[in-house]
Amino acid sequence: MSKKPTRKQNVQEIIKCGKDPNYFFENYVKIQHPVRGMIPFKMYDFQKDCVEDFKDHRFNIVLKSRQQGLSTLAAAYSVWLAIFKKEQNILIIATKLKIAQNFIVKVKSMLRSLPSWLILPEMVSNNKQEIVFNTGSQIKAIPTSEDAGRSEALSLLIVDEAAFVRNFDTIWTGIYPTISTGGRVVILSTPNGVGGQYYKLYTEAESGLNEFNAIKLPWDVHPERDEEWFDKTTANMSKRQISQEYLCDFNSSGETFLGEAEIEWIRQCVTSPVSRDGNEKNVWIWKYPHPHQ
């Protein structure tokens, strides 16, 4: 039988967890598995890399395939912030009320899995959409609406499945000032065709035209997935569904007039501009004019 940790050892563990979220997740957090129940949160390398990006960059935008555990990771990161830092106002915007409430369910089950000595703040409010601690930190999850988060001063904003959030351009315009004082943003989504605010933010991030750090997670970043798994999983899916759910492909994931072959041909013909200029870099230049023509 292992000895009960001493107070000094507990304090040392608290310090380690407060400094390193990945250490905290792997050693203390448990997550709800649909078949196996509560299990330790053993992270994959790509999840650890995402956490480092969340720490290193204020603005992160993730283009992901399905079932990569990013919503669970975002919930765990929210728990870490709320426990180990004071005055953290964390807001999650989801596509529906049920999904927002499910995020809070994940947070609560993680909190219940922790040893009591590791939970430093006291929970003073607890309902289906919000958890508040006596340190001033809170985690709130809400469904999408045009005024979502407008009156908040946010430490962290998480937008789940942003490509499917109605009026995300209006929401983003209204909520951006609430994070301008130093708040952080994590935007997560599978693709949903070309166009819309999420598509704009992600493609501009890839081109270095905004302040977001772009993270792309197609199906094969998961170490337990191979070609056999992919073929079996996608056997009964359409090409559009596969592009949306697993390939992280904007062009083929939406309701397009052109077929996949035509889109691929166009993609191969496209060349990047030699420079971008003008207001918000919206003037793209492929060839400079000849001075004598």
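The values are calculated or read from the model by the stated rules, or taken from the named source; none is laboratory data. Note that the coordinates shown come from a computational prediction; the quantities given were computed from them, not determined experimentally. Every residue, glycine as well, gets a Cβ built from its backbone with ideal geometry; the counts of neighbours run over all protein chains shown. For the accessible areas, the whole protein counts, side chains as well, though only heavy atoms, and no ligand, DNA or RNA atoms are used. Shrake-Rupley method; radii C 1.70, N 1.55, O 1.52, S 1.80 Å.
See the values below:
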item: Listing of strands (runs of 3 or more DSSP E) fully contained in the stretch 96-149 that carry 1 or more residues being farther than 18 Å from Leu81 by Cβ and touching a residue at least 40 places away in the same chain (Cβ under 8 Å); result: 138-143
item: Residues of the stretch 68-82 satisfying the condition of being without any contact (Cβ under 8 Å) to a residue 40 or more places away in the chain and either surrounded by fewer than 22 Cβ atoms within 10 Å (Cβ to Cβ) or touching a His at 6+ places or on another chain (Cβ under 9 Å) (or both); result: Gly69
item: Some residue of the stretch 10-27 being within 28 Å of Asn210 (Cα to Cα), open to solvent by 10 Å² or more (accessible area, probe 1.4 Å) and assigned to a helix (DSSP H, G or I); result: yes
item: Matching residues, the stretch 150-162, being of a type outside the set (Asp, Glu), at pLDDT 90 or above and in a loop (DSSP other than H, G, I, E, B); result: Leu154, Ser155
item: Residue check, Gly136 at positive phi, at pLDDT 90 or above and open to solvent by 40 Å² or more (accessible area, probe 1.4 Å); result: no
item: Residues being touching a strand residue (DSSP E or B) at 6+ places or on another chain (Cβ under 8 Å), of a type in the set (Gly, Ala, Ser) and either at pLDDT 95 or above or within 16 Å of Phe133 (Cβ to Cβ) (or both) - total across the stretch 59-81; result: 3
item: Every residue from the stretch 28-61 that is touching a residue at least 60 places away in the same chain (Cβ under 8 Å), in a strand (DSSP E or B) and surrounded by fewer than 14 Cβ atoms within 10 Å (Cβ to Cβ); result: Met38
item: So Val159, is it out of contact with any Lys or Arg (no Cβ under 9 Å at 6 or more places or on another chain) and either open to solvent by less than 80 Å² (accessible area, probe 1.4 Å) or not small (Gly, Ala, Ser) (or both); result: yes
item: Residues within the stretch 175-199 that are of a type outside the set (A, V, I, L, M, F, W, C), open to solvent by 10 Å² or more (accessible area, probe 1.4 Å) and at pLDDT below 90, tallied; result: 7
item: Filtered residue count, the stretch 174-204, keeping only those that are in a helix (DSSP H, G or I), closer than 24 Å to Ile99 by Cα and of a type in the set (S, T, N, Q); result: 2
item: Within the stretch 154-182, considering residues that are charged (D, E, K, R) and out of contact with any Gly (no Cβ under 9 Å at 6 or more places or on another chain), the one farthest from Lys140 (Cα to Cα); result: Arg166
item: Matching residues in the stretch 205-223 - criterion: being over 19 Å from Leu247 (Cα atoms) and either part of a helix (DSSP H, G or I) or not small (Gly, Ala, Ser) (or both); result: Leu209, Asn210, Glu211, Phe212, Asn213
